[in-house]
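**Q** Submitted below is the structure of interest, expressed as structure tokens.
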Amino acid sequence: KYLVDMSYLRLKNITLGYTIPQALTKKIYIQNLRLYASVNNLCLLHKGSGDLPIDPEMNAGQGALGYGNWGRTYPVTRSWSVGLQVTF
């Protein structure tokens with residue numbers, strides 16, 4: 001009756017990259033060409049119990065009213081990055 005299942009899975013960082021084969025890059029005088037994409041804090045999957053605003057990664061003492069797991073001092077932001085690495 002008083003137990004709450006707070007199991008969760010948070011995807012913190014995912015990076016995918018692809019290196020173009022050298023057979024193609026040597027034709028345009030490039031030694032190495034790599035494309036990549038990265039995302040931080042993609043998603044949080046949890047069973048939770050309704051609308052409890054609990055973040056399991058908060059330290060004790062952070063948050064509203066001194067309760068570590070109730071409220072957030074900084075929101076978890078999601079950021080996307082794409083890039084190109086070129087070696088001549």
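Read the figures in this text as sums done on the coordinates, not as results from a lab. None of the values given here were measured: they were computed from a predicted structure. A quick note on method: Cβ atoms are made from the backbone with ideal geometry, for glycine too, and the neighbour counts reach across all protein chains shown.
**Q** What are the ³J(HN,Hα) couplings of the range 23-40, residue after residue, when phi is run through the Karplus curve with 6.51, -1.76, 1.60 and θ = phi - 60°? Round to Hz, x for glycine and proline.
**A** Values, residue by residue: 4, 8, 6, 5, 5, 10, 6, 10, 6, 8, 9, 10, 10, 8, 9, 9, 9, 10 Hz.
**Q** Rounded to the nearest 0.05, what FRET efficiency do Ile28 and Tyr8 give with R0 = 41 Å and r taken as the Cβ-Cβ distance? Could you check? All intermediate terms of the calculation are to be shown ahead of the outcome.
**A** Values: r = 46 Å, r/R0 = 1.13.
That gives a FRET efficiency of 0.30.
**Q** Just order 6-15, 79-88 by mean Cβ neighbour count inside 10 Å, highest at the front, would you? Mind showing how you got there, number by number?
**A** Values: 6-15: 11.6, 79-88: 9.5.
Put in order of decreasing packing, that is 6-15, 79-88.
**Q** Near Leu42, within a Cβ-to-Cβ distance under 13 Å, what is the net charge of the other residues, with Lys and Arg +1 and Asp and Glu -1?
**A** +3
**Q** Moving on. Please report the net charge: other residues with Cβ closer than 14 Å to the Cβ of Thr87, K and R +1, D and E -1.
**A** On the way: positive: Lys26, Arg34; negative: none.
Computed value for this residue: +2.
**Q** Which distance in nm do the two modelled labels at Arg78 and Leu44 give, with both placed 7 Å along the Cα-to-Cβ direction?
**A** 1.3
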